[in-house]
Amino acid sequence: MSNSAPLRERVAVVTGSTSGIGLAIAEALAGAGAAVVVSGQDRARGQGAVAKIAAAGGRAVFQAADVQKSDDVRRLMAAAREAYGRLDILVNNAGLQYVAPIVEFPEEKWNLLVGIMLTGSFLCTKYALPAMIERKWGRIVNIDSQLGKVGAAYKSAYVAAKHAIIGLTRVTALEGAPHGITANAICPSYVRTPLVEGQIANQSRAHGIPEDEVIEKIMLGGAPIKRLLEPAEVAEMVLFLCSEVAAGITGADLVMDCGATIH
């Protein structure tokens, strides 16, 4: 493989990749030569993501999937093999947020968040592993959060799911190692996505302060580096973990949090 396209022979599935971090990851993988299966529940946005990747010279197809559902996940993994003949890389990125005190937290929201982020990561890993085991090579990257390492009030489902994903990552690493498969988690702080920008605007209105103060004082209050991460930064970490030079890294939870958790 050439240095300009180090993943030219690889095929990747990226969940939650119709926008935000997931789309940046899909674009980066395609830019490195991989064929990508874009996935999400919004077909129009999915087709738009595929068109964007194709316009940049990349290869991509879209497969709709609700990662909580086994049948959807099996179809998602089958789509990679049907379109490109193999599956080498899985990025579990699908996620969402809901904020409320535990005593007020709706049980259906708990089930939804845990279902998409934790059960979804488990199901995608379960049904992606056979293709990787077959070829004795694989990369599984779970997009976690700094909240997989620490707690945060009012985010019980998100924090619980993200903590558990680190455990799932470690088990996957142990089981995958004999087959040439690595599994790692990336734990970023706030990333500049449409979802986060919406939260900034809401917090600005709620607290009556400018949006830049929301970022600095509320979101990044404990971080030495006072800025949001960009989706491309997370995508570059994914590329590194999928590379041959990262073949000895597995079971790791790699923090990208501007120093927020070093206290």
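The values are calculated or read from the model by the stated rules, or taken from the named source; none is laboratory data. The model shown is predicted, which means the values in this text are computed figures rather than measured ones. Note that each Cβ is placed from the backbone with ideal geometry, even for glycine, and that neighbours are counted across all protein chains shown.
Specify the residue that is surrounded by the fewest Cβ atoms within 10 Å (Cβ to Cβ); the eligible residues are those in the stretch 5-21 that are under 26 Å from residue 197 (Cβ atoms) and of a type outside the set (S, T, N, Q). Spell out how you get there, then give the answer.
Applying the first criterion (under 26 Å from residue 197 (Cβ atoms)) to the stretch 5-21 yields 14-21.
Restricting the remaining residues to those that are of a type outside the set (S, T, N, Q) gives 14, 16, 20-21.
Numbers: 14: 34, 16: 27, 20: 19, 21: 29.
Only one residue fits best here, namely 20.
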Criterion violated by residue 122 - all others in (1) buried (at least 20 other Cβ atoms within 10 Å of the Cβ); (2) in contact with a helix residue (DSSP H, G or I) (Cβ under 8 Å, 6 or more places away or on another chain) satisfied:
(1)
Test for residue 39: is it without any contact (Cβ under 8 Å) to a residue 60 or more places away in the chain, within 28 Å of residue 133 (Cα to Cα) and in the same structural domain as residue 154 (by TED's automatic domain parsing):
yes
Considering (1) assigned to a loop (DSSP other than H, G, I, E, B); (2) more than 26 Å from residue 37 (Cβ to Cβ), say which one residue 96 fails and leave the rest.
(2)
Which ones in the stretch 213-262 are without any contact (Cβ under 8 Å) to a residue 12 or more places away in the chain and of a type outside the set (Lys, Arg)?
213, 216, 221, 240, 245, 248
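Mind checking which residues of the stretch 131-151 are in a strand (DSSP E or B) and either on the phi > 0 side of the Ramachandran plot or of a type in the set (Gly, Ala, Ser) (or both)?
Restricting attention to the stretch 131-151, the residues satisfying the condition of being in a strand (DSSP E or B) are 138-143.
Correct list: 138 only.
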Go through (1) closer than 26 Å to residue 31 by Cβ; (2) buried (at least 16 other Cβ atoms within 10 Å of the Cβ); (3) out of contact with any strand residue (DSSP E or B) (no Cβ under 8 Å at 6 or more places or on another chain); (4) aliphatic (A, V, I, L, M) one by one and return the number of the condition residue 87 breaks.
(3)
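Anything in the stretch 176-200 that is surrounded by 12 or more Cβ atoms within 10 Å (Cβ to Cβ) and over 24 Å from residue 148 (Cα atoms)? List them, or say none. Talk me through it step by step, then tell me what you get.
Of all residues in the stretch 176-200, those surrounded by 12 or more Cβ atoms within 10 Å (Cβ to Cβ) come to 176-177, 179-193, 195-197, 199-200.
If the condition is that a residue be surrounded by 12 or more Cβ atoms within 10 Å (Cβ to Cβ) and over 24 Å from residue 148 (Cα atoms), then 179, 180 are the ones that fit.
The rows are residues; the columns are (1) outside the structural domain of residue 124 (by TED's automatic domain parsing); (2) crowded, with 24+ Cβ neighbours inside 10 Å; (3) more than 20 Å from residue 117 (Cα to Cα); (4) not acidic (Asp, Glu).
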residue: 23; (1), (2), (3), (4): no, yes, no, yes
residue: 29; (1), (2), (3), (4): no, yes, yes, yes
residue: 44; (1), (2), (3), (4): no, no, yes, yes
residue: 47; (1), (2), (3), (4): no, no, yes, yes
residue: 50; (1), (2), (3), (4): no, no, yes, yes
residue: 56; (1), (2), (3), (4): no, no, yes, yes
residue: 63; (1), (2), (3), (4): no, no, no, yes
residue: 66; (1), (2), (3), (4): no, no, no, no
residue: 71; (1), (2), (3), (4): no, no, no, no
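Give the residue, chosen from 45, 8, that is farther than 20 Å from residue 233 by Cα and not in a loop (DSSP other than H, G, I, E, B). Show your work before the answer.
Values: 8 fails: not in a loop (DSSP other than H, G, I, E, B).
So the residue among 45, 8 that is farther than 20 Å from residue 233 by Cα and not in a loop (DSSP other than H, G, I, E, B) is 45.
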Where residue 11 falls short, out of the listed (1) touching a helix residue (DSSP H, G or I) at 6+ places or on another chain (Cβ under 6 Å); (2) over 26 Å from residue 166 (Cα atoms)
(2)
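Being outside any helix (DSSP H, G or I), hydrophobic (A, V, I, L, M, F, W, C) and touching a residue at least 12 places away in the same chain (Cβ under 8 Å) is the requirement here; does residue 61 meet it?
Details: outside any helix (DSSP H, G or I): yes; hydrophobic (A, V, I, L, M, F, W, C): yes; touching a residue at least 12 places away in the same chain (Cβ under 8 Å): yes.
In short, yes.
How about the stretch 243-261: which of its residues are aliphatic (A, V, I, L, M), in contact with a strand residue (DSSP E or B) (Cβ under 9 Å, 6 or more places away or on another chain), within 13 Å of residue 149 (Cβ to Cβ) and assigned to a loop (DSSP other than H, G, I, E, B)?
252 - this is the single residue of the stretch 243-261 that is aliphatic (A, V, I, L, M), in contact with a strand residue (DSSP E or B) (Cβ under 9 Å, 6 or more places away or on another chain), within 13 Å of residue 149 (Cβ to Cβ) and assigned to a loop (DSSP other than H, G, I, E, B).
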Hits in the stretch 65-99 (condition: among the aromatic types (Phe, Trp, Tyr) and within 16 Å of residue 11 (Cα to Cα)):
84
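Quick one: is residue 151 in contact with a helix residue (DSSP H, G or I) (Cβ under 7 Å, 6 or more places away or on another chain) and surrounded by fewer than 21 Cβ atoms within 10 Å (Cβ to Cβ)?
Working: in contact with a helix residue (DSSP H, G or I) (Cβ under 7 Å, 6 or more places away or on another chain): yes; surrounded by fewer than 21 Cβ atoms within 10 Å (Cβ to Cβ): yes.
So residue 151 passes the test.
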